[in-house]
Each structure stands twice: as structure tokens, then as C-alpha cells.
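Working notes for the structure below.
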Amino acid sequence: MAQKLHITTSPHVHCGDTIERNMRWVVWALMPALIVSFFVFGVGALIVTATSVLSCLFFEWFITRFILKRPSTLGDLSATITGILLAFNLPSNIPLYMIVVGALVAIGIGKMAFGGLGNNPFNPALVGRVFLLISFPAKMTSWPVPAGIAASYIDAETGATPLNLIGQIAGGNTAAADQLPSLANLFIGNTGGCIGEVSALVLLIGLVVLLCAKVITWHIPVSILSTVAVLTGLMWLINPVLYVNPLYHLCSGGLMLGAIFMATDYVTSPMTPKGMVWYGIGIGFLTVIIRYFGSYPEGMSFAILIMNAVVPLINNWCKPKRFGEAAK
Amino acid sequence: MNTFTIGGVHPEPNKLTADKKIETLGLPKQAVFPLSQHIGAPAVPCVQKGDAVRVGTRIAEPGGFMSASIHSSVSGKVAKIDTVVDASGLRKPAIFIDVEGDEWEPSIDRTDTLLLQNNLSREEIIEKIKNSGVVGMGGACFPTHVKLSPPKDCMIDTLIINAVECEPYLTADHRLMLEHPDEIIVGIKLILKVLGIDHAVIGVETNKQDAIELMNSKLSMVSGIEVMPLKMKYPQGGEKQLIEAVTGRQVPPPPALPANVGCVVQNVGTVYAIYEAVMKNKPLIERIVTVTGKSVKNPCNLKVRMGTPVSQLLEYAGGMPEDTGKLISGGPMMGRPLLDETAPVVKGTSGILMIPESEAARREERNCIRCAKCVQACPMGLEPYLLATASESGDWECAEENWIMSCIECGCCQSTCPSRRPLLDWVRLAKNRVGGIIRARNAKN
């Protein structure tokens, strides 16, 4: 016999899916948000994102090469995504050294300390972001106003974000309602905030891309968004003077970015559809609680991290519907 | 349109031979008959070295209740009773027969005349099926006479004919329906008589539109038998999936049987074998084999005598292509890899598939990224990532608690995994161990 044959058990064919294919789609799906933020915040958005991605790649390379002494894992693109997501959760005028610190915490503590891709319990980008939020609260909570493509990087003019205003209104300062941007501006992203979170429109386009490419399923984003809509809607119905229209909540802050790109992180989200829905409901609930009753204006990062911690329990409780389980 | 409800995948169909008529392959020089061609106890030889046999002579008897007889597919002399490496990759006892001429047992009706009438009782029909060595032709090779004698306390109401052929590449069942629809209908009536019911459903996926139309036109005057087109999805040909697709009923986990939900499932190839056994007195000595692959010169559907070496089929199809990386007995999702081309065709050989080197090599395994695609793909509602990890760490308790024995080894999980984890390898290992633990526990109680 001429050929040497492979002897491996079935299945003998594969659908061709790879880690890289999924990660590449996530990167593509994030690009529209980056473009919008360039037009809204100017070159600062690009500087911050580039710095964050490069630092994440550097730390991942450094740790795999010199500490773990393993082959490089840069090719799987997961560090690239962590870099983009970390940047997207930062204001566009943040000093560069803070980004580097954030990237080190995200990759070093958030991911590699647990054994690299697949083993981290918490979303690495959010670990980095929350570390920065606690370490540099002033810089992390002053957001540039949308000044257009010509806005300068470090001296950007800052102002209140829609979420600050929503918080003030709920606190009794109903006059702040006049400063709220229009819903249309909120939806397309002409508003203050972190780099990647401003435009609900392009984030939703990203969601459609991820769904069509079968990278994620609808369960997590839809359950988060509907939970937030229902809870804030109820509060709005009870007292429309203090509590704003739920559409404001859906379009402001990190909700869309978190629901579509951060909560759906494969590694740190549940494994079954039922579990994903409970996880989403938990995130939505915690987000609303923190937004209205917490001391931070934004609750998305904390909500996701808290629910990340619950994922192992969710996986234990929410088993898939077994074939024949309900059979009579 | 009907289909099963949990999981499933859509592998490339690659039905290269769907339009190729069934051709008859010539006689081999030597035919080899392994004694285990079915689930259950191996058959026991009833011939000795030097004995002369004819086509259709019984050469091995059932080795127990769950077993099947084996008949010679050639005439000639028993050369030896030795061992051969079959599709399991293991050396198994087998009867070797040197071929001389082509002399058939006189009781066998070799004509093409369609026989419709018989006065046989159900016991006589079962006896004939048993004596002809008929087993499930879909690949599992469950002895048919056992399957047609369901437990007395089960009320059977539906016979399901499995003509799904959801495995990519394979077209043996498809061609059989196109070329022998009348025989199949007679066969179905025989089974209905045995089961004492009057309702049969032929499940066919919509990629076989011509077969659906042909069977429908043949059945327009027949009551009680219907064709049900099914939405394409792998593994619809799995017994449990097909029952759910057709009736909406889910078979409970093992040890429950399809009979527990009132169904008996027979593969369409088995139905044809039953027709030949009962009406033509012809034991199971031939089967349709699809010889195929993307680089194969002449992919074809062949009618092959049992025991013919695979090399002869490859020769007919234009030889094994240069780029072949894997030779498979069966389909790409559940087939078994062959060590070489000397293995004989047996009752369960539905196809011979050659996969090019580029697709045959497994890629490097990576960390599980917990994408949950295996959970979405599993048609049994299991968590393959968890079962594989439990197996890797030897946590058999965890595997059992998470329903590992329900796994049907369809391969959906592993064929979907972006990290290329050998999920099914691990699950098979754990199934084996957990099965042993359960048996030991039951033996103690």
C-alpha cells in the first residue's frame, strides 16, 4: 500500500470553525464603534485604542515567552479583543500610562494568572477597567464631551454624560433633564462617554454581525437588554419625573457595549441557553440597581463581573434539556 | 416540516453518487466472513476447512439469542478458519472461502419477479428472517428478528422506516428506493404483519426529492404506509432522533427502547433484505455499498457480495486516489477508519469513503474556550465539554450524573469544536468506564 493512512475515530470531518474565526468576527464587529468614536472624540479615541491593544499584546507575549515559557498565543486574537474592549471602556483623554497599567492588570491578573485563554473566571478587559476605576477615580470618571473629529487628545473638554444626568434627575435635580441629549443623538452616538460605548446604533450593527456569523447566540444580549428595559420601564411608569424613559437607559452608558460584547465573552459566560438567560437577567437587574442606587453612575462593569463569579453555579443549576427527560 | 428538536448540525452533504445507478461488482477470488458482523454474541462456524459451500449456504449459526447466522455469498471451498482485521481495527475470527464458480443453493429464487403474496404466519416470517441472518443495515447491525419481537408489554403502533441517510456522502439507501421501491413496499407490509399493526411511516430527508416522489406515487393505492419528508439535519437517521421527528415522542434514556414509546424502526436497506429473505428465500449475502470521496475517479454505488475485500471495490472505483489520508468504512460522521484495504465487506458496510490528507489530519488541540457550541450541537441535550473534561480527569461519577450513557456518539460535538478538542474520544472512554461501573452495580444488587 502506497499511502500512510490516518487511524483516528469518528467524526472524520470538521465544520472548519476555529478560535481565530470567531475572534476575527468579534474584532470586525467592534470596528464600526471605533470609527464612530473617532468622529465623536477625535484622535484620542484612536491613540487610546492603539495603546491598549499594543500593551495587551505585549504583556501576553511577554508572559507566555518569559514566565510561562509556552508558545505564543497572540495568534488567537483574544488579547487583541481584550485590548479593544479595555480601550472602549476608557474615556478618550486618559493618560497613556494608565492604559498600560490597565492592560497589565487585564492580561496579567485577569487572564494569564489563571492559565490563559479559556481559564479566566472574569472578563479580563473588565478586570483592567475596574482596577483603573478604583485606582484613578477622577480620570476615569471625567468624560470628554463630543467635540468632533478635530478634538484634541489630552486637553479634551469634559462634561457630564447622559448617565450622570440620569443619576442627578433620579436624585431630585429634575432640572438636569433639560441637559439630556435627544434620544436620536444618544442612539447614533453624538454624546459623551467611554470610547466604544457611545453609539447604540453601531453596537447593534455589531450584534447583527455576531449573530449572522454564528459567533454568539441571542440569549445573553436580549435577556440583558429586555431586563433593563422592563425594570427601568416600570420605574418610569411609576414616576416619570424622577425616572427617565427606558430608551435612555438602553442607549446610554456601557449597556449596549457590555450586553453585546462583554457579557457574551465565551470564557466567562454560562454554557447552556437557559443559563445564559438567567445570567443576562442577573446582569440587567444589577445594572439598574447600581445605576439608580449605587454611588457609581455606571453599573454595567460591576454587574458583569459579579455575574461572572456566579457562572460556575449557573452551569451547575441550569442543565440543558436532556433528550427523553420529559418523556411520558 | 418535521425534524428533531434538540441540537443537530449541517455537515456538507457531498452526495456525489446520488445519480449513479447501482452496479454489480464481480466475484472476489476469496471471500472472508468475520464471525462478529452484528451486535451480540459472535456466530459459531458450522463448516470446516475443506467443506464445499454454495451461494447461500449457512456457514455460521447464531451464538446466542442476540446473534445472527452468516451465509456464504460465494460458492467454493472453505480455505481456513482464521482471523482477519475488520473495521474495528482488531483481529477477529473469520471464515475464509476460496471461490470456485458461482453455484447457488437451489432454494433461492434468483429471478427479478416481484412477489406480492404469501401465506406465511408472523412466526414463520420471523423464523425466515432469523434463518437468513438479517441484521440492521444502517450500520448498527442489530439482529432484526430480535428487534421485530418487542417486549410483550409494549404497545407498538407505528413502524418507522429509516430512509434518512443523513450521513454525508452515502447514497446506498437513496438508490435502493429509486431502483427497488416495490420490493421495499412488500417488505414494509411483511413487517407490519409481524408487528400486527397497520401504520408505517417512511422518513426521508428532502434532499432525496426524487425518492420521495417515486415512493409517493407507488403508495397512492396503498393504505397505511406514508412518506414523511423531513427537514435536513444531522443526525436525523439516529433512531431516537427519527422517532421524535416522525412522531414527536422522545425515547427515555437507556435502558428504555423505542418500543417503550410504541415505535419500531427499520432501515430501508433492512426492509429490502427482509423482502429477499422472506419472498425469495435469499439470505443476507449482498449489500449496496457507496464507494466515494472527493478525489475518487469513479465514485459509485455497488452491489457487493459479503466478504469481498475492500481493495476490489477501490479498484472498480478507479483506485485509491494519491491524496487519500483516511480510508473509512461508513460515513464521515460515524464511520470507522480502516487500517488498510484488505478488510472484507460485512453486513454493516454502508460505504467506503476516502478522505483527502488535507481533511484527514486532526489539527492541534487547544484550550476549551467555553464557547458552548458543543452544547448547542448535541442532539441528546448533553454537555460534551463537561463530559470530556470529566473523562480526562477520571471523574466517572460526574460523567454518569450528567447523562453520559445517553450519548449516541454521533460526533456533532467534535465536528463543531473550534478548539478541535477530541471530545468524542474522551466521551467514549468515559462511556465505557461508566457502563462497566453500572453493570457491576446492577450485578451486586
Region A:109-130, subset buried (at least 19 other Cβ atoms within 10 Å of the Cβ) and away from chain B (no Cβ under 14 Å), residue nearest to residue A:304 (Cα to Cα): A:126
Among residues of region A:206-225, those that are of a type in the set (A, V, I, L, M, F, W, C) and either without any contact (Cβ under 8 Å) to a residue 40 or more places away in the chain or within 17 Å of residue B:370 (Cα to Cα) (or both), counted: 8
Index of the failed condition, residue B:95 passing every other in (1) in a loop (DSSP other than H, G, I, E, B); (2) under 25 Å from residue B:64 (Cα atoms): (1)
Region B:79-109: number of residues that are over 13 Å from residue B:33 (Cα atoms) and without any contact (Cβ under 8 Å) to a residue 12 or more places away in the chain: 2
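Within region B:303-325, can you find the residues that are charged (D, E, K, R) and at pLDDT 95 or above?
So in region B:303-325, the residues charged (D, E, K, R) come out as B:303, B:305, B:315, B:322-323.
Hits for region B:303-325 are B:303, B:305, B:315.
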Members of region B:365-412 that are facing chain A (nearest Cβ under 8 Å) and aromatic (Phe, Trp, Tyr): B:385, B:403
Residue check for residue A:185: within 23 Å of the chain's Cα centre (by Cα) and surrounded by fewer than 17 Cβ atoms within 10 Å (Cβ to Cβ): yes
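Of all residues in region B:1-53, how many are acidic (Asp, Glu), more than 14 Å from chain A (Cβ to nearest Cβ) and part of a loop (DSSP other than H, G, I, E, B)? Give the steps one after another, and end with the answer.
Applying the first criterion (acidic (Asp, Glu)) to region B:1-53 yields B:12, B:19, B:23, B:51.
If we keep only those that are more than 14 Å from chain A (Cβ to nearest Cβ) as well, we get B:19, B:23, B:51.
Cutting the leftovers down to part of a loop (DSSP other than H, G, I, E, B) gives us B:19, B:51.
Looking only at that region, the number is 2.
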Residue within region A:47-68 that is closer than 30 Å to residue B:426 by Cβ, at pLDDT below 95 and not in a helix (DSSP H, G or I) present: yes
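Quick check on region B:129-157: of everything there that is of a type in the set (A, V, I, L, M, F, W, C) and assigned to a helix (DSSP H, G or I), which residue is farthest from residue B:346 (Cα to Cα)?
Narrowing region B:129-157 to residues of a type in the set (A, V, I, L, M, F, W, C): B:129, B:134-135, B:137, B:140-142, B:146, B:148, B:154-156.
Now narrow it down to the ones that are assigned to a helix (DSSP H, G or I): B:129, B:146.
Values: B:129: 18, B:146: 20 Å.
Per the stated criteria, the residue is B:146.
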Lone qualifier among B:45, B:11, B:34 - being more than 23 Å from residue B:251 (Cα to Cα) and in contact with a helix residue (DSSP H, G or I) (Cβ under 7 Å, 6 or more places away or on another chain): B:11
Residue that is nearest to the other protein chains (Cβ to nearest Cβ) [pool: residues in region B:167-199 that are small (Gly, Ala, Ser) and out of contact with any strand residue (DSSP E or B) (no Cβ under 7 Å at 6 or more places or on another chain)]: B:196
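Condition test on residue A:84, is it at pLDDT below 95 and more than 14 Å from chain B (Cβ to nearest Cβ)?
Values: at pLDDT below 95: no; more than 14 Å from chain B (Cβ to nearest Cβ): yes.
No.
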Qualifying residue in region B:203-222 (condition: surrounded by fewer than 18 Cβ atoms within 10 Å (Cβ to Cβ), touching a helix residue (DSSP H, G or I) at 6+ places or on another chain (Cβ under 7 Å) and of a type in the set (Val, Ile, Thr)): yes
Residue in region B:267-283 that is crowded, with 24+ Cβ neighbours inside 10 Å, in a strand (DSSP E or B) and not assigned by TED's automatic domain parsing to the domain that holds residue B:70 present: yes
Candidate set: region B:307-356, residues that are acidic (Asp, Glu) and outside any helix (DSSP H, G or I); chosen: the one surrounded by the fewest Cβ atoms within 10 Å (Cβ to Cβ): B:322
Close pairs (9 angstrom Cβ cut-off, 6 or more residues apart or separate chains): without any contact (Cβ under 8 Å) to a residue 12 or more places away in the chain and facing chain B (nearest Cβ under 10 Å) in region A:301-323, part of a helix (DSSP H, G or I) and crowded, with 23+ Cβ neighbours inside 10 Å anywhere: A:323/B:240; A:323/B:241; A:323/B:244
Flag for residue B:135 being at pLDDT 95 or above, within 22 Å of residue B:61 (Cβ to Cβ), of a type in the set (A, V, I, L, M) and touching a strand residue (DSSP E or B) at 6+ places or on another chain (Cβ under 8 Å): yes
Filter result (in contact (Cβ under 8 Å) with a residue 24 or more places away in the chain and not acidic (Asp, Glu)) within region A:1-20: A:19
In region B:317-335, the residues that are facing chain A (nearest Cβ under 7 Å) and not hydrophobic (A, V, I, L, M, F, W, C): B:324, B:325, B:326, B:332, B:335
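Show me the helices (runs of 4 or more DSSP H) found entirely inside region B:369-421 where at least 3 residues are touching a Cys at 6+ places or on another chain (Cβ under 9 Å). Let's see the steps before the verdict.
On the way: elements: B:373-377, B:384-392, B:396-401, B:412-416.
Filter on region B:369-421 gives B:373-377, B:384-392, B:412-416.
Of all residues in region A:3-42, which are within 8 Å of another protein chain (Cβ to nearest Cβ) and out of contact with any strand residue (DSSP E or B) (no Cβ under 8 Å at 6 or more places or on another chain)? If you could, list the steps in order and put the result at the bottom.
Let us first name the residues in region A:3-42 that are within 8 Å of another protein chain (Cβ to nearest Cβ), namely A:3, A:5-15, A:17-19, A:21-22.
A:11, A:14, A:17, A:18, A:19, A:21, A:22 - these are the residues of region A:3-42 that are within 8 Å of another protein chain (Cβ to nearest Cβ) and out of contact with any strand residue (DSSP E or B) (no Cβ under 8 Å at 6 or more places or on another chain).
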Qualifying residue in region B:33-40 (condition: modelled with pLDDT of 95 or more and touching a Ser or Thr at 6+ places or on another chain (Cβ under 8 Å)): yes
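Of everything in region B:171-207 that's outside any helix (DSSP H, G or I) and of a type in the set (D, E, K, R), which residue is nearest to residue B:243 (Cα to Cα)?
B:205
Considering B:279, B:320, which residue is closer than 30 Å to residue B:195 by Cβ, among the hydrophobic types (A, V, I, L, M, F, W, C) and either out of contact with any strand residue (DSSP E or B) (no Cβ under 9 Å at 6 or more places or on another chain) or without any contact (Cβ under 8 Å) to a residue 40 or more places away in the chain (or both)? Even if it seems obvious, please write down each step before you answer.
Numbers: B:320 fails: closer than 30 Å to residue B:195 by Cβ.
Unique residue meeting the criteria: B:279.
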Total residues in region B:76-97, condition within 16 Å of residue B:43 (Cα to Cα), modelled with pLDDT under 95 and either crowded, with 22+ Cβ neighbours inside 10 Å or in contact with a Cys (Cβ under 8 Å, 6 or more places away or on another chain) (or both): 1
Verdict on residue B:361 being of a type in the set (A, V, I, L, M, F, W, C), surrounded by fewer than 20 Cβ atoms within 10 Å (Cβ to Cβ), facing chain A (nearest Cβ under 9 Å) and more than 30 Å from residue B:133 (Cβ to Cβ): yes
Top-ranked residue in region B:237-253 [being under 20 Å from the mean Cα position of the chain (by Cα) and part of a helix (DSSP H, G or I); ranked as farthest from the other protein chains (Cβ to nearest Cβ)]: B:246
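The values are calculated or read from the model by the stated rules, or taken from the named source; none is laboratory data. The structure presented is a predicted model; accordingly, all values stated were derived computationally and were not measured. Positions of Cβ are backbone-derived with ideal geometry, glycine not excepted, and every protein chain shown enters the neighbour counts.
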